[in-house]
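Okay, structure first, notes after.
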Amino acid sequence: MMKRILLATMLFGFSAMVLFSQSLLTTNENYKKIKELKQLQMQAYEDADYPEVTRLGDEIDHYTDLLSMEIEEQLTTYRARSALVRLKDRLAELSRWKAATDYPMEVAEGQALYEQSYKEFYTDKDHARSLSTSNRALDMLSVIQFAASDSESPAYYVVRLLPGNTDCLWNIAGYDFIYGDSWKWKLIYEANKSKLPQMENPHLILPDMVLTIPSMAGEERSGTWEEGIVR
């Protein structure tokens, strides 16, 4: 029973991050097996076949363990990929600001950790170590700060968690300091689709994602917009 409660908790968190859509979950073999066994267990209970109820419960626990491991791996993979994207964007931002001039050791180590996180760990599917390495680099690089930019056209935008909702590409494109035209949301989508939890779903963006804002013809952009400040 405890295993099934833990699985339900994991599924709730998984659903909240929209990493395992209902359509994907229902095609999962372990999930389908659990549903099938639960139906058999209910029938055994109605038939008062209590030894069979117990046996089926043990089998349900077995497949619950398997499904739990799958979900945990999916969560870790998503977090590792998101951390790599954040780290890559952070390094690109520091390069744009020529931060290596004042912080050569930090920038060099951050780049080395990115290479290790991606090439050594992520590509070998060691997602837990990749996540840990990327987060360590992000923490180290967080000490590098810059004064607010005078630019009114940011090159990057940090997605916000708004009351009852989150940002969306349509709204972001419509902001005066972005494009002032919501119909240009596809420009942002095309520039950032590799960062999205589901590449083919432009409607799903998550708080704290750093979106690249492509420049229009003749337009110069710099800095990162975050909570009303361009840095």
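Laid out as a table, the results:
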| read-out | value |
| --- | --- |
| Filtered residues of the range 145-174 (kept if at pLDDT below 85 and not polar (S, T, N, Q)) | F146, A147, A148, D150, E152, R160, L161, L162, P163, G164, D167 |
| Pairs, first within 17 Å of R86 (Cα to Cα) in the range 212-228, second surrounded by 13 or more Cβ atoms within 10 Å (Cβ to Cβ) and polar (S, T, N, Q), C-beta under 7 Å, six or more apart | T212/N192; G223/S149; G223/S151 |
| Filtered residue count, the range 188-203, keeping only those that are in a loop (DSSP other than H, G, I, E, B) and surrounded by fewer than 16 Cβ atoms within 10 Å (Cβ to Cβ) | 6 |
| Test result for S130, in a helix (DSSP H, G or I), touching a helix residue (DSSP H, G or I) at 6+ places or on another chain (Cβ under 9 Å) and either over 25 Å from I213 (Cα atoms) or among the β-branched types (V, I, T) (or both) | yes |
| Residues satisfying the stated conditions in the range 58-85, i.e. at pLDDT 85 or above and small (G, A, S) | A80, S82, A83 |
| Condition check for S142: modelled with pLDDT under 85, polar (S, T, N, Q), surrounded by fewer than 19 Cβ atoms within 10 Å (Cβ to Cβ) and within 24 Å of the chain's Cα centre (by Cα) | yes |
| Residue that is farthest from R79 (Cα to Cα) [pool: residues in the range 165-206 that are hydrophobic (A, V, I, L, M, F, W, C) and touching a residue at least 60 places away in the same chain (Cβ under 8 Å)] | L204 |
| Residue among A137, A108, A112, A128 that is farther than 20 Å from S222 by Cβ, touching a Ser or Thr at 6+ places or on another chain (Cβ under 6 Å), small (G, A, S) and at pLDDT 90 or above | A128 |
| Positions within the range 206-231 being among the aliphatic types (A, V, I, L, M) and within 22 Å of D181 (Cβ to Cβ), in sequence order | M209, V210, L211, I213, M216, A217, V230 |
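For (1) closer than 11 Å to T212 by Cα; (2) under 20 Å from the mean Cα position of the chain (by Cα), each residue gets a yes or a no:
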site	(1), (2)
Y157	yes, yes
R160	no, yes
C168	no, yes
I172	no, yes
G180	no, no
K184	no, no
Y189	yes, yes
K193	yes, yes
L196	no, yes
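The values are calculated or read from the model by the stated rules, or taken from the named source; none is laboratory data. Owing to the predicted nature of the structure, the values given are computational and were not obtained by experimental measurement. Virtual Cβ from ideal backbone geometry, glycine too; neighbours counted across all protein chains shown.
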